[in-house]
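All remarks here apply to the structure that follows.
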Amino acid sequence: MSATFAATYNSLPLLSEAASAFVNRDDFFAKVTPLLATHGNQFGVCLVHRHCTLDEGEMMVATGNVCQPEQDVQCYPERWLANGQPFEFNRQPCPSPPRFLFEEFQKIVDEIGIAVLGLFFVQAEQRLGKVYLEWTDGRKNIVDVIPESSEHNISTAWLPWLPSPITHVCLQCIPPDGDDDTHTPACPPKPR
């Protein structure tokens, strides 16, 4: 699976490409919020994008607050494309969405015409309404909690049933593998 996984991951859009393709947001969230509620709000919506280029046999695996390319490790799907194919994994077990949720989610995505959205498992701490900032250091995607988002961030994950539905944001900057055609040339300072 991992050889096919690398090719699939590498075909995902860059951050700014995915963000630009997410149109009709109000219509989408009006339709998807009740669907997520029928499944106990265990899953949120994510902007499907890549952070680096994977080599054959690699997959993106999160350990704590760092997600990076790994090979031959025990891991569990944590983020899925709308069709149910996983694209990021975690060392910790987490439930997968039921087939019915994928089917209904895919219908909404197809109806609205948005191909850059997927589902993610909502960890307990993510239910507290905090904002998680993703930033890239080499081929590592690092996540830190920040008080609030800024204009330098692109929203990448939503819990639409919360009063402040944005849960993950990414810094918009040049990725380490040189795919800078759609990213800004400089980043604000990284959080510490």
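Miscellaneous remarks
- Among the GluC sites (Glu not before Pro) within the range 6-84, those in coil by DSSP and having at most 16 neighbouring Cβ atoms inside 10 Å are Glu56.
- Alpha-carbon radius of gyration plus Dmax, which is the widest Cα pair, for the range 2-123 in Å: 14.2, 41
- Remark: the range 131-136, residue by residue, has Karplus-estimated 3J(HN,Hα) of 9, 10, 9, 9, 9, 9 Hz, where x stands for each Gly or Pro and the curve is 6.51 cos²θ - 1.76 cosθ + 1.60 at θ = phi - 60°.
Rule-based calculations on the coordinates, nothing more; no lab input. Note that this is a predicted model, so its numbers are computed, not measured. Every residue, glycine among them, receives a Cβ derived from its backbone with ideal geometry; neighbour counts consider all protein chains shown.
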